[in-house]
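Structure, as structure tokens:
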Amino acid sequence: MPKLRLTIQSRWQLPLILLLAALLRLWRLEAKPLWVDELYTTFYSLGKNLADIPLDTLRAPADYWTLLDRPGTPWQAAQAVTLHSNHPPLFFMAMSGWLQGVGISVWSLRAFAVLWGIAAVVGVFYLGRRVGRPRAGTLAALLMAVSPYGIYLSQEARHYSLAVAIALFSLVNWIALLQGDRSPPRWLSWIGLNALGLYVHYFYGFSVLAQWLVTIGRLLWRRHRRPQTLPWLLAMGGTALLYLPWLPTAITHFQSEGGTGWLSQSAPLWQTLIMPWLQSLVALLFMLVLLPVEQVPLWVTVTSALIMLGVFGLVLRHLIKGWHREPLLDMWSPLVSYGLTVFGIMLAITYGLGKDLTLAPRYFFMAYPAVTVVAAMALTRCRRWVVVVAIAVGIISQLFISHDLALLKPYLPGNVGRRLGADPQPTIVLMAPQRDSYRARALSYVLAIPANKKDIQVAFTAPASPESWQPILTNSDAIPTDDLMLWLVEPKRLAPFPLTVTLPAHTCVPVGERIKTEGTRQQNYQCSAQRAQKLDPLPAP
């Protein structure tokens, strides 16, 4: 009877963990507005680009949502992302098919990533069992289910969760091949999954390269295995051959600056040397716990940071003890070597090419599977309360994230949208992105304007001149004749905003100081209606 109970328990472990992962990822999924990168995903998946945003025309914020309807074909999505972005096409093609099937909404855009985030939990379950023992697989799945980092990747309408899921199943096959299970399905799965991953994200190449380097190193180190080299080289060549059709486009993307300019930071030498390591530590901490540290009082930031460091240090201390007790965890084990190699590739690019890949925690997504499984294997040798702490802080972190108290969206579209729609008076908002790359940021602000703000109109215009400015609007007759409020919003504006803005029937003067937050500049104006002066009657002759 005890054995039967154990079997039933084991059978239900993964389904219950998947249910927990789904609940944490789906809860309040559409509570936050779409931000810049998610809008890029949306436009490209629909086969469109940001040049489709109308200029110099006042429209209600709700009308801008119509830009996100009518998805194109997967082939049109592939063309859009190839021409207007620097990403491989597979995710956007798959997203296009998904949107045609379920419709377009904030929920459906993010639910596609959630689906792959849950698949990643399945993958890490089997990877943990493959490299360790059944309990390691269960703990790895549980850690990924509640990890704020894993939930973050799953709730972004981006391609990271798909890349992580593919990497995990690829690693399962890779470890099986290293362990001697070299059936044709294993070889074909390893080859095909790695090729698919390369068509999802260029950084998936870190995973492929790490697997190849670790494999070659093991073959060279263990001379008795050198006769086995040919099958491995043929498998690696098979992945490269499958990627060959996309290679010319990939080279073109790498030769253009594209969207990577922000990774080239000008900073003092000491900061250039030290910050990547500190940022890597932040990413590692983020995989365990995340409390409010942004847009909160300083004392909250300090308190949250101390609690996070304390929890991280406590768990890490016991993990280190577990590592020493776990015989499979050493520098030469394949998964540890894989994780260290991925991190080494990121540092080589950071220091060698001047592109700091550690700036954004999401770029560690190829190292994330190894970190999770290695931590789970160490936890199998730790006391149960350490596991409880790790699970509890992950769930608490999600409570803060889902209520927009932690992990705020870059450029804070919710904050700006609420500010633009806060005035009870009729409001005109003029968005002036200086270049195309800022259009998504401006649109994210528009789509975040509260739906209950009815008397507001928005137009995308040219930048405002610094002295006085009269915007050219094709439907200026739609402007209310009464007094109103005006907002000028311009990302990265350096010059002062104009002292006077003239509308056809209004003169607008600044109200308050210009706002320099959220990666943009904003200035509020009070617009007074220009009423015709009454003429005195002429005196009698």
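Quick notes
- Efficiency of FRET between Gln100 and Ser468 - r from beta-carbon atoms, R0 56 angstrom, step 0.05: 0.70
- Descending semi-axes in Å of segment 413-529, equivalent ellipsoid built from Cα gyration tensor: 19, 17, 13
- Pairs of Lys residues in the chain, spaced 8 or more positions apart or belonging to different chains, with C-alpha separations under 21 angstrom: 6 in total.
- Within-14-Å neighbourhood charge of Phe169 [Cβ basis; K, R +1; D, E -1]: +3
- Net charge contributed by nearby residues that have their C-beta within less than 14 Å of Ile17 (K/R +1, D/E -1): +4
- Diffusion coefficient, µm² s⁻¹, Stokes-Einstein with Kirkwood Rh over alpha-carbon pairs of segment 1-153 at 4 °C and 1.567 mPa s: 73
- Full extension of the chain between Thr303 and Glu30 yields a length gain of 95.4 nm, computed as 0.36 nm times the residue separation minus the alpha carbon distance.
- FRET efficiency for the Thr272 to Ala495 pair, using the beta carbon distance and R₀ = 25 Å, is estimated at 0.25.
- Two-site label geometry, Ser256 and Glu513: point separation in nm, points 7 Å out along Cα→Cβ: 4.0
- Label point at Ala51 placed 7 Å out along Cα→Cβ; residues across segment 465-500 whose backbone nitrogen lies under 15 Å: none
- Each label point was placed 7 Å from the Cα along the Cα-to-Cβ direction; for Arg11 and Ala422 their separation is 5.7 nm.
- Local net charge near Val387, Cβ-Cβ under 13 Å (Lys/Arg +1, Asp/Glu -1): +4
- Rounded to 10°, Cα long-axis angle of helix 384-402 versus longest principal axis of the chain: 20
The numbers here are math on the coordinates, done by the rules we state, and not lab data. Fair warning: this is a prediction, and the values are worked out from it, not measured in the lab. Because the Cβ atoms are built from the backbone with ideal geometry, glycine has one as well, and the counts that use them run over all protein chains shown.
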